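Here's the structure we're looking at; comments come further down.
Rule-based calculations on the coordinates, nothing more; no lab input. Values in this document were obtained by computation on a predicted structure and should not be read as measured data. Don't worry about glycine lacking a Cβ; one is built from the backbone with ideal geometry, like all the others, and counts go over all protein chains shown.
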Amino acid sequence: MSNEPELLRTARDAEAAGDHAAARSHYESVLVTQPQQGRALTALARLALAAGQTAEALVWLERVVPAQLEPALATDFFLLQAAAFRFLQRAAEEGAALQAALAADPYCWPALLQRAQWLEQQDQRKAAALLYRDVLKISPPADYRPAAFQQALQHAEEVVALYAEALEVTLMMAVGQLPGMSQKWREAVSVMSGRTQPYASQCNQLFVPRLPAQPFFRREMFDWVPELEKHTAAIRSEMIAALSEAGAEFAPYVQYSPGEPVNQWAELNHSRHWTALHLYRGGLPVAENLARCPQTAAALQLIDAVHLAGTCPNAMFSVLAPGAKIPPHHGESNARLVAHLPLVVPEKCQFRVGYDTRTWQEGEVLVFDDTIEHAASNDSDQLRVVMIFDVWNPLLTKEERVIVQKMSEAERLFRLG
């Protein structure tokens, strides 16, 4: 049995251990019997480059027969060749080597990264930005990037961001003053430029296909809105009384048990930065809290509330502490919408649904699709309080509402049975 495979393993182990002298010796021993052994030759070139011996690296690479290399090794060979040419400032040959590396493996992100760097060095900045954008799509996310690539990938992000910003300005100059320009088209500009991604409906439970993913809904679509808003002062008074009452429990809204994955909720888990007094929860009334707030309870009878077994209706006073932020997240089903009746809104409070950002106005209802990514912030030094409750999506027919209810009930029984 030939001992070359064992020698290669020994050489690789030595290289991995940082004993480059021993690794070189073992790789050269392999070449005694196999003068064109691709792995040994490319390894010796790699070690030479690491030692700053570019001319020696090219000598090793010139002995390689690329056609005899398997695809992965061929990609490594051409990348080493490109690196050597870069050290020698032989730009044309570097570019050709990178093209050859990508021909061997079009999805090799380090090769794409080096190709983008090469384009940038050739002053082809827009082409480089577009290639950097592709690199960022397939390279590891920021927390998992190899140390050797962190700085280069961070630079790629900066170049892509500058390109997107410049393209957004260019597009807005072209269409910003045209008749019909609206928030929808401003978002289209943002998506086309790469500044943001499309915001789609992402449901944690029931998803109803073919419903438009509309961030905010027009008030005119809900006939109960004007009447509910007339009760704002009474609802606010009851909320303030409950907030100051010792027996009323404004509990942390986010309450994960030990061992449950908290994901983006880590900072708010069991935190009093976001608290709530529940009036309805998981489809059931919270009798003691409704009793504390009788006018609020009566006002909630005006709305087109969703009734789903074990899930809806929900209604609560939601209190966001000064400086608190609710991270981006998605809701349960696009069959229902979520409404806010703002009760106490200091300055510097914002609410984003998808691309659209709104400022709450006390006494003015907002209705939105919470299955679209949404987030909130209170950058003031006072509490922000809104009443949150569920309503039916008005785009569903009465027959479709029944289907939603039956599906939700069947799923719940199946899951719990």
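Starting from the Kirkwood Rh over alpha-carbon pairs, what translational D in µm² s⁻¹ does the chain have by Stokes-Einstein at 4 °C and 1.567 mPa s?
For the chosen part, D equals 49 µm²/s.
Could you work out the percent of alpha carbon pairs in region 172-214 separated by over 14 Å, rounded to a whole number?
58
If you take the charge dipole of the chain about its Cα centre, with +1 on Lys and Arg Cβ and -1 on Asp and Glu Cβ, which of PHE207, LEU243, ILE403 is farthest toward its positive end?
ILE403
How do MET172, MET387, MET221 rank when sorted from fewest to most other Cβ atoms within 10 Å of their own Cβ?
MET221, MET172, MET387
Build a GNM of the chain with springs between Cα atoms under 10 Å: which of GLN301, GLN99, GLN34 gets the top mean-square fluctuation?
GLN34
Would you work out the charge dipole size for region 219-416 about its Cα centre, treating the Cβ of every Lys and Arg as +1 and the Cβ of every Asp and Glu as -1, and quote it to the nearest 20 debye?
In total the dipole reaches around 240 debye.
What is the distance in Å between the Cα centroid of region 165-217 and that of region 303-342?
Comparing the Cα centres of region 165-217 and region 303-342, I get a distance of 24 Å.
Name the residue from SER333, PRO394, LEU58 whose Cα lies farthest towards the positive end of the charge dipole of the chain, charges +1 on Cβ of Lys and Arg and -1 on Cβ of Asp and Glu.
Farthest along the dipole direction, towards plus: PRO394.
Dipole of region 163-243, Cα-centred, from +1 at each Lys and Arg C-beta and -1 at each Asp and Glu C-beta, to the nearest 20 debye?
For region 163-243, the charge dipole is close to 120 debye.
For region 344-355, what does the Karplus curve 6.51 cos²θ - 1.76 cosθ + 1.60, with θ = phi - 60°, yield as ³J(HN,Hα) per residue in whole Hz, taken in order and with x for Gly and Pro?
3J(HN,Hα) across region 344-355, in whole Hz: 9, 10, x, 5, 6, 10, 9, 9, 10, 10, x, 7.
I need PHE78, PHE217 ordered by Cβ neighbour count within 10 Å, fewest first.
PHE217, PHE78
Counting each DSSP H run of 4 or more residues in the chain as -39500 (n - 2.57), what helix-only mean residue ellipticity at 222 nm follows after dividing by all residues, to the nearest 500 deg cm²/dmol?
-15000 deg cm²/dmol, from helical runs alone.
Say R0 is 51 Å: what FRET efficiency, to the nearest 0.05, do GLN202 and GLN68 get from their beta-carbon distance?
Efficiency computed from Cβ-Cβ geometry: 0.55.
Region 325-369: Rg/Rh from Cα coordinates, Kirkwood Rh?
0.96
Once you place label points 7 Å from the Cα toward the Cβ at GLN99 and ILE240, how far apart are they in nm?
In this crude spin-label approximation the distance works out to 7.4 nm.
Do me a favour and compute the ellipsoid semi-axes for region 4-162 from its Cα gyration tensor, root of five times each eigenvalue, largest one first, whole Å.
One finds semi-axes of 30, 17, 14 Å for region 4-162.
Using the Cα centre of region 219-416 as origin and beta-carbon charges of +1 (Lys, Arg) and -1 (Asp, Glu), tell me which of SER318, PRO258, LEU343 is placed farthest towards the positive end of the dipole.
PRO258
About the Cα centre, and with charges only on the beta carbon of Lys, Arg (+1) and Asp, Glu (-1), how big is the dipole of the chain? Nearest 20 debye, please.
380
Among ALA104, ALA147, ALA335, which one shows the biggest mean-square fluctuation in a GNM of the chain, springs joining Cα atoms closer than 10 Å?
ALA147
Calculate the spin-label point distance for VAL32 paired with ARG145, positioning each point 7 Å from the Cα along the beta-carbon direction, and give it in nanometres.
For the pair ARG145/VAL32, the computed spacing is 4.5 nm.
Between their Cα atoms, which of LYS137/LYS325; LYS126/LYS184; LYS137/LYS348; LYS230/LYS348; LYS126/LYS325; LYS184/LYS348 are more than 32 Å away from each other?
Those over the limit are LYS137/LYS348; LYS126/LYS325.
By counting other Cβ atoms within 10 Å of each Cβ, how are PHE222, PHE317, PHE368, PHE414 ranked from fewest to most?
PHE414, PHE222, PHE368, PHE317
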